[in-house]
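Right, one structure below, let's go through it.
The values are calculated or read from the model by the stated rules, or taken from the named source; none is laboratory data. Quantities reported herein were computed from a predicted structural model and do not represent experimental measurements. As a convention, Cβ positions derive from the backbone with ideal geometry for all residues, glycine included, and neighbour counts pool all protein chains shown. Heads up: the accessible areas ignore ligands, DNA and RNA and are worked out on the full protein's heavy atoms, side chains in. Shrake-Rupley method; radii C 1.70, N 1.55, O 1.52, S 1.80 Å.
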Amino acid sequence: MTFERVKLSFEFNALEPHIDSKTMELHSEKHHQGYTDKLNAAVEDTEWADYSISELLGTLDDLPDDIQTTVRNNGGGFANHNLYFSTLSPIGGGEPAGELMEAIEDSFDSFEEFKDEFSKAAADQFGSGWAFLAIDEEGELYISPKPNQDSPLMDSHIPILGIDVWEHAYYLKYQNKRADYIEAFWNVIDWEKVEEIYQKAQA
Ligand code: MN
(Lines give C-alpha, C1' and ligand atoms only; values in the text may rest on other atoms or scores of the structure.)
Protein backbone atom coordinates (compact mmCIF):
# COMPACT_ATOMS: atom_id res chain seq x y z
CA MET A 1 0.00 0.00 0.00
CA THR A 2 1.21 3.46 -0.79
CA PHE A 3 0.22 6.39 1.37
CA GLU A 4 -1.42 9.19 -0.59
CA ARG A 5 -1.78 12.67 0.77
CA VAL A 6 -5.06 14.54 0.88
CA LYS A 7 -5.27 16.88 -2.10
CA LEU A 8 -6.81 20.32 -1.75
CA SER A 9 -10.44 20.50 -2.84
CA PHE A 10 -10.04 24.19 -3.75
CA GLU A 11 -7.60 26.53 -5.51
CA PHE A 12 -4.41 27.61 -3.76
CA ASN A 13 -5.70 31.20 -3.52
CA ALA A 14 -9.15 30.24 -2.19
CA LEU A 15 -8.30 30.91 1.46
CA GLU A 16 -7.05 34.45 0.86
CA PRO A 17 -6.76 36.81 2.61
CA HIS A 18 -6.46 34.45 5.59
CA ILE A 19 -3.87 32.06 4.15
CA ASP A 20 -2.04 33.18 1.01
CA SER A 21 -1.82 31.31 -2.27
CA LYS A 22 1.95 30.74 -2.30
CA THR A 23 1.93 29.32 1.21
CA MET A 24 -0.89 26.93 0.34
CA GLU A 25 0.90 25.79 -2.79
CA LEU A 26 4.28 25.18 -1.15
CA HIS A 27 2.73 23.72 1.97
CA SER A 28 0.63 21.11 0.20
CA GLU A 29 2.64 20.40 -2.96
CA LYS A 30 6.12 20.49 -1.42
CA HIS A 31 6.05 20.05 2.35
CA HIS A 32 3.15 17.61 2.59
CA GLN A 33 4.30 15.73 -0.50
CA GLY A 34 7.77 15.50 1.01
CA TYR A 35 6.53 13.94 4.26
CA THR A 36 4.42 11.53 2.24
CA ASP A 37 7.28 10.45 -0.04
CA LYS A 38 9.66 9.92 2.88
CA LEU A 39 7.05 7.90 4.81
CA ASN A 40 6.48 5.68 1.77
CA ALA A 41 10.22 5.21 1.24
CA ALA A 42 10.69 4.24 4.91
CA VAL A 43 8.08 1.47 5.00
CA GLU A 44 8.31 0.25 1.40
CA ASP A 45 9.06 -3.50 1.24
CA THR A 46 8.85 -3.88 5.02
CA GLU A 47 6.28 -5.73 7.09
CA TRP A 48 4.86 -2.30 8.08
CA ALA A 49 3.95 -1.32 4.51
CA ASP A 50 0.35 -2.44 5.01
CA TYR A 51 -0.21 -0.78 8.37
CA SER A 52 -2.65 2.13 8.50
CA ILE A 53 -1.11 5.43 9.55
CA SER A 54 -2.97 5.22 12.90
CA GLU A 55 -1.50 1.75 13.52
CA LEU A 56 2.00 2.90 12.59
CA LEU A 57 1.94 5.98 14.81
CA GLY A 58 0.20 4.12 17.63
CA THR A 59 2.94 1.49 17.77
CA LEU A 60 6.06 3.56 17.05
CA ASP A 61 8.01 1.87 19.84
CA ASP A 62 7.70 -1.48 18.04
CA LEU A 63 9.46 -0.18 14.93
CA PRO A 64 13.15 -0.87 14.43
CA ASP A 65 15.43 2.05 15.30
CA ASP A 66 16.46 2.68 11.70
CA ILE A 67 12.94 3.60 10.59
CA GLN A 68 11.31 4.73 13.85
CA THR A 69 12.47 8.36 13.70
CA THR A 70 11.67 8.62 10.00
CA VAL A 71 8.15 7.30 10.56
CA ARG A 72 7.67 9.52 13.61
CA ASN A 73 8.62 12.67 11.70
CA ASN A 74 7.26 11.90 8.26
CA GLY A 75 4.35 9.65 9.21
CA GLY A 76 3.39 12.33 11.72
CA GLY A 77 3.78 14.97 9.01
CA PHE A 78 1.71 12.92 6.58
CA ALA A 79 -1.16 12.42 9.06
CA ASN A 80 -1.09 15.93 10.54
CA HIS A 81 -1.26 17.62 7.14
CA ASN A 82 -4.00 15.27 5.92
CA LEU A 83 -6.06 16.52 8.85
CA TYR A 84 -5.05 20.16 8.40
CA PHE A 85 -5.77 20.37 4.68
CA SER A 86 -9.03 18.42 4.87
CA THR A 87 -10.47 20.68 7.58
CA LEU A 88 -9.79 24.00 5.81
CA SER A 89 -12.40 25.58 3.55
CA PRO A 90 -12.99 28.86 1.72
CA ILE A 91 -16.50 28.81 3.20
CA GLY A 92 -15.27 27.87 6.66
CA GLY A 93 -15.38 29.78 9.91
CA GLY A 94 -18.19 30.34 12.35
CA GLU A 95 -18.93 27.75 14.99
CA PRO A 96 -19.55 24.01 15.10
CA ALA A 97 -23.06 22.65 15.61
CA GLY A 98 -24.78 19.55 16.86
CA GLU A 99 -23.06 16.90 18.96
CA LEU A 100 -19.60 18.35 18.38
CA MET A 101 -20.71 21.69 19.82
CA GLU A 102 -22.23 19.89 22.81
CA ALA A 103 -18.99 17.98 23.38
CA ILE A 104 -16.95 21.21 23.16
CA GLU A 105 -19.24 22.86 25.69
CA ASP A 106 -18.96 19.80 27.96
CA SER A 107 -15.16 19.91 27.90
CA PHE A 108 -14.46 23.65 27.76
CA ASP A 109 -17.69 25.28 29.12
CA SER A 110 -18.17 27.34 25.96
CA PHE A 111 -16.96 27.68 22.39
CA GLU A 112 -15.25 30.95 23.33
CA GLU A 113 -13.33 29.22 26.15
CA PHE A 114 -12.29 26.47 23.77
CA LYS A 115 -11.19 29.03 21.18
CA ASP A 116 -9.07 30.87 23.75
CA GLU A 117 -7.46 27.69 25.07
CA PHE A 118 -6.73 26.31 21.59
CA SER A 119 -5.28 29.64 20.40
CA LYS A 120 -3.12 29.86 23.53
CA ALA A 121 -1.78 26.32 23.02
CA ALA A 122 -0.91 27.22 19.42
CA ALA A 123 0.76 30.48 20.44
CA ASP A 124 2.70 28.90 23.31
CA GLN A 125 4.13 25.99 21.31
CA PHE A 126 7.83 26.83 21.36
CA GLY A 127 9.34 26.46 17.89
CA SER A 128 7.77 24.12 15.39
CA GLY A 129 4.71 22.09 16.23
CA TRP A 130 0.96 21.87 16.39
CA ALA A 131 -2.06 22.34 18.62
CA PHE A 132 -4.78 19.72 18.25
CA LEU A 133 -8.32 19.19 19.41
CA ALA A 134 -8.33 15.48 20.16
CA ILE A 135 -10.45 12.71 21.65
CA ASP A 136 -8.92 10.73 24.52
CA GLU A 137 -9.58 7.10 25.49
CA GLU A 138 -12.63 8.16 27.53
CA GLY A 139 -14.11 9.84 24.47
CA GLU A 140 -13.50 13.29 25.95
CA LEU A 141 -12.27 16.26 23.93
CA TYR A 142 -9.06 17.96 25.04
CA ILE A 143 -6.36 20.20 23.64
CA SER A 144 -3.12 18.50 22.75
CA PRO A 145 -0.08 20.65 21.96
CA LYS A 146 2.66 18.70 20.14
CA PRO A 147 6.23 19.52 19.09
CA ASN A 148 7.59 18.89 15.58
CA GLN A 149 5.32 16.45 13.68
CA ASP A 150 4.15 14.50 16.72
CA SER A 151 0.48 13.58 16.75
CA PRO A 152 -2.19 12.54 19.29
CA LEU A 153 -2.25 9.30 17.25
CA MET A 154 1.05 8.52 19.03
CA ASP A 155 -0.96 8.46 22.29
CA SER A 156 -3.60 6.32 20.55
CA HIS A 157 -5.91 9.35 20.70
CA ILE A 158 -7.83 10.76 17.75
CA PRO A 159 -7.11 14.30 16.52
CA ILE A 160 -10.13 16.00 14.90
CA LEU A 161 -8.67 19.48 14.27
CA GLY A 162 -5.11 20.74 14.15
CA ILE A 163 -3.34 24.02 13.54
CA ASP A 164 0.13 23.87 12.06
CA VAL A 165 2.38 26.46 13.72
CA TRP A 166 5.55 25.61 11.83
CA GLU A 167 6.84 28.82 10.24
CA HIS A 168 6.29 27.28 6.77
CA ALA A 169 2.53 27.46 7.49
CA TYR A 170 2.47 31.26 7.84
CA TYR A 171 5.82 33.02 7.46
CA LEU A 172 5.42 34.30 3.87
CA LYS A 173 2.36 36.33 4.84
CA TYR A 174 2.64 36.82 8.58
CA GLN A 175 6.41 36.70 9.20
CA ASN A 176 6.94 36.59 12.98
CA LYS A 177 3.30 37.39 13.79
CA ARG A 178 2.11 33.90 14.61
CA ALA A 179 -0.80 35.28 16.65
CA ASP A 180 -2.26 36.94 13.55
CA TYR A 181 -2.13 33.65 11.64
CA ILE A 182 -3.82 31.86 14.53
CA GLU A 183 -6.58 34.48 14.56
CA ALA A 184 -7.03 34.13 10.79
CA PHE A 185 -7.19 30.31 11.04
CA TRP A 186 -10.61 30.53 12.73
CA ASN A 187 -12.05 31.97 9.49
CA VAL A 188 -11.15 28.93 7.40
CA ILE A 189 -12.07 25.98 9.64
CA ASP A 190 -14.56 23.63 7.98
CA TRP A 191 -16.63 22.73 11.04
CA GLU A 192 -18.86 20.36 9.07
CA LYS A 193 -15.79 18.33 8.19
CA VAL A 194 -14.53 18.42 11.80
CA GLU A 195 -17.95 17.22 12.96
CA GLU A 196 -17.79 14.41 10.39
CA ILE A 197 -14.40 13.30 11.74
CA TYR A 198 -15.75 13.53 15.28
CA GLN A 199 -18.77 11.38 14.42
CA LYS A 200 -16.62 8.80 12.66
CA ALA A 201 -14.31 8.60 15.69
CA GLN A 202 -17.29 7.96 18.01
CA ALA A 203 -18.56 5.09 15.87
MN1 MN B 1 3.19 22.09 7.76
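In plain terms, the chain from N148 to E16 could stretch by 44.9 nm, reckoned as 0.36 nm per residue minus the Cα-Cα distance. Expressed as a whole number of Å, what is the distance separating the alpha-carbon centroids of segment 38-110 and segment 176-203? Result: 14 Å between the Cα centres. Heavy-atom accessible surface of R5, to the nearest 10 Å², is about 20 Å², with a 1.4 Å probe and all protein chains retained.
Distance between the modelled labels on E192 and E113, one decimal in nanometres: 3.0 nm (7 Å Cα→Cβ projection). Of H168, H81, the order by accessible heavy-atom surface (1.4 Å probe, DNA, RNA and ligands excluded), from most exposed downward, is H168, H81. Quick check: from the Cα gyration tensor, does segment 78-132 come out rounded (a/c under 1.5), prolate or oblate? In terms of gyration-tensor shape, oblate. The stretch between M101 and H168, if pulled fully straight at 0.36 nm per residue, gains 21.1 nm over its current Cα-Cα span.
Would you please classify the overall shape of segment 87-196 from the alpha carbon gyration tensor, given that a ≥ b ≥ c denote the square roots of the eigenvalues, rounded means a/c under 1.5, and beyond that prolate means a/b larger than b/c while oblate covers the rest? Oblate, since a/c reaches 1.5 and b/c is not below a/b. Shown is the FRET efficiency for A49 and A201, computed with R0 = 22 Å from the Cβ-Cβ distance and rounded to the nearest 0.05: 0.30. These residues, S119, S151, go from largest to smallest accessible area, 1.4 Å probe, as S119, S151.
Taking 16 Å as the straight-line reach from the Cα of K146, the aspartates and glutamates in range (excluding those fewer than 8 positions away in the same chain) are E117, D124, D136, D155, D164, E167. Excluding same-chain neighbours fewer than eight residues apart, the aspartates and glutamates reachable from K193 by a Cα-Cα span under 14 Å are E95, E99.
Note on the chain: percent of Cα-Cα distances in each 5 Å bin, starting at 0 and stopping at the bin with the largest distance, equals 1, 8, 16, 20, 20, 17, 11, 5, 1, 0.
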